[in-house]
Every structure is written in C-alpha cells, then in structure tokens.
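Below: the structure, in structure tokens.
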Amino acid sequence: MPSPFPGMDPYLEGPSWPSFHVLLIAEMLNSLAPRIRPKYIVEAERRVYLETDPYDPERFIRPDVAIGVQPARKTAGRESSGAPAVAEPVTLTLPMPAEHREAYLTIRLRKPRRVVTVIEVLSPTNKKPRTMGREVYTAKRDGVLECKTHLVELDLLRGGERMPTVEPLPPADYYATVSRSDRRPTVDVYPWSLRQPLPSVPIPLEPEDPDVVLDLQAAFSAVYDRACLEYSLDYEGEVEPPLSEADAQWAKTLLADWGGARE
C-alpha cells in the first residue's frame with residue numbers, strides 16, 4: 001500500500017530508521033547498477049564504530065539482579081561496636097558502547113576498481129553534535145572532498161544538525177547535495193519540503209559520461225511497499241521532531257483519509 005505522504009514519511013525518523021536505511025541503500029543499488037554497467041559497478045559498503053551516549057537509555061545494559069554486600073554479622077562473644085563499618089554499595093548503571101554499522105554506496109570503474117562516486121544517506125547519529133557518529137562521518141566526508149571523487153549526500157531527516165555549508169541552506173525539510181570533484185568548493189543543493197515528492201537526483205560519473213539519474217521517490221515507494229511499512233510505523237504516535245502546527249494539521253488530515261482508504 002502506498003505511503004500516506006506524498007514524499008518522505010516523517011514517522012520513519014524513529015526506531016524504524018535503521019531498517020529503512022539498509023533497505024533504501026539496497027534499492028538504490030538495484031536501480032543504479034543495471035544502468036551503468038559494464039563500465040561501472042555499484043557496491044554497498046559499510047563503516048563500523050562504537051558510540052557511547054550517557055543520555056540514551058536504550059544503550060544502557062541493565063542488570064537483571066542487583067547484588068548488594070551485606071553488613072558484617074555480629075560475632076558471638078564480641079561487641080559489634082568494635083568492628084569496622086562496612087560500606088553499603090549503591091547499584092548504578094554504566095553507559096555501554098554500542099556498535100553502529102552504517103551502509104553507503106560506492107560507484108567504481110570496473111577496471112581499474114577506482115571509486116568515482118560515493119553516495120551517502122545520513123543517519124541520526126551522523127547529525128548528532130559532539131558524538132562519535134558525527135566525528136567518524138565528517139572525517140570520511142572530508143576525505144572524499146579532498147580527493148577526486150564525487151559525493152552525493154542525502155539528508156532525509158528533519159532532525160539533527162545539518163552538514164556545514166559556507167552559505168546558509170535554503171529553508172526546507174530535506175536536502176540532497178551533489179558535490180562534483182571538478183567543481184569544488186561549489187556544490188548543488190536540492191531542497192524540498194515534507195509536502196513534496198522526493199526529487200530525482202543526478203549522480204555524476206566520469207567526465208566523458210552523462211549523469212545517471214536516481215529517482216528517490218521511486219526508490220522510497222518501492223521500499224515502503226515491499227517492507228510493508230504501513231504496518232510497522234506507529235501512525236498513532238507522535239512525530240519526532242514535532243511538526244509545525246500547519247504541517248501537523250496537514251498530516252492529520254492525510255492520515256485520516258489514508259486510514260479510511262486502508263480499511
């Protein structure tokens with residue numbers, strides 16, 4: 001069943017995001033690879049890092065049983081007042097590092113296997129300030145920008161801190177940026193709102209070859225349908241981050257109409 005929203009679904013910005021991210025990367029690979037072979041190959045790659053966030057309760061490991069030290073017992077024939085006091089422990093929780101795996105796409109020449117383009121779909125951890133996820137991602141991003149590799153960056157999340165640009169980004173909910181290696185530091189930014197379909201984005205290749213166009217809306221719709229996201233997303237819950245008053249009312253109307261059609 002189609003999504004109730006014309007483009008990106010704001011309810012994905014939550015527990016369902018990791019699964020959606022992986023499926024979207026796979027769908028984009030399936031869309032691009034047949035159209036640029038045999039000169040190019042498309043590969044899904046991943047980076048792995050550990051992140052510790054003391055303010056995220058979902059990353060805590062809580063003990064099943066709290067074990068305390070009992071105070072010293074009185075010894076027969078001896079006054080307890082003469083024994084040293086034994087401190088009572090307090091059971092707390094340590095923030096534990098969690099492993100994160102983030103997938104992205106590379107387009108390579110088949111011979112030699114040189115990377116021509118990197119395609120990234122940002123995750124919430126990439127957009128959270130002062131975290132390992134952002135540090136790891138920005139270091140990778142800087143490395144791409146310093147070499148002769150194109151970078152396509154898709155920000156399908158309303159929340160979090162945007163990737164830096166010298167000039168302010170135009171007002172929008174979502175962005176796609178296309179950084180061509182031969183035009184840096186200039187970058188093409190494609191902004192769109194929650195109420196618009198996802199755009200088609202040009203994916204640059206070698207200078208002698210035309211761009212291949214990636215239809216983001218088609219990729220999103222395929223993932224939504226195949227993964228049956230209409231059943232896994234909690235459309236009765238709150239959207240995080242919250243929508244504006246106007247968008248919240250608009251979304252409420254959409255969901256009411258969609259719910260009626262669904263029944």
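Read the figures in this text as sums done on the coordinates, not as results from a lab. These numbers were taken from a predicted model, which means no experiment stands behind them. Because the Cβ atoms are built from the backbone with ideal geometry, glycine has one as well, and the counts that use them run over all protein chains shown.
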Could you compute the FRET efficiency for Q196 and S16, with r as their C-beta to C-beta distance and R0 at 25 Å, rounded to 0.05? 0.70
Mind checking the angle between helix 245-262 and the chain's longest principal axis? C-alpha axes, 0 to 90 degrees, to the nearest 10. 80 degrees
With point charges of +1 on the Cβ of Lys and Arg and -1 on the Cβ of Asp and Glu, referenced to the Cα centre of the chain, which listed residue (H100, Y231, A218) lies farthest in the positive direction of the dipole? H100
Roughly how many debye, to the nearest 20, is the charge dipole of the range 126-186 about its Cα centre, given +1 on each Lys and Arg Cβ, -1 on each Asp and Glu Cβ, and no other charges? 120 debye
Reciprocal mean inverse distance between Cα atoms of the chain - Kirkwood radius, Å: 21.6 Å
Helix-only mean residue ellipticity at 222 nm for the chain, each DSSP H run of n ≥ 4 adding -39500 (n - 2.57), per residue, nearest 500: -8000 deg cm²/dmol
With r defined as the distance between the Cβ atoms of K252 and D142 and R0 fixed at 35 Å, what FRET efficiency is calculated, to the nearest 0.05? 0.25
Cα-based Rg/(2.2 N^0.38 Å) for the range 204-263, rounded to two decimals, is 1.65
Considering only the chain, what is the antiparallel percent among its DSSP beta bridges, to the nearest 5? 85 percent
Compute the orientation-averaged projected area for the range 122-177 from the convex hull of its Cα atoms and round it to one decimal in nm². 4.0 nm²
With +1 assigned to the C-beta of every Lys and Arg and -1 to the C-beta of every Asp and Glu, and no other charges, what is the dipole magnitude of the chain about the Cα centre in debye, to the nearest 20? 1180 debye
Which residue fluctuates most in the GNM of the chain (Cα springs below 10 Å): D173, D234, D155? D234
Student exercise, the range 160-211 dipole from Lys, Arg, Asp, Glu Cβ charges, in Debye to nearest 20: 280 debye
What is the calculated FRET efficiency for D209 to E240, with r their C-beta to C-beta distance and R₀ = 45 Å, to the nearest 0.05? 0.65
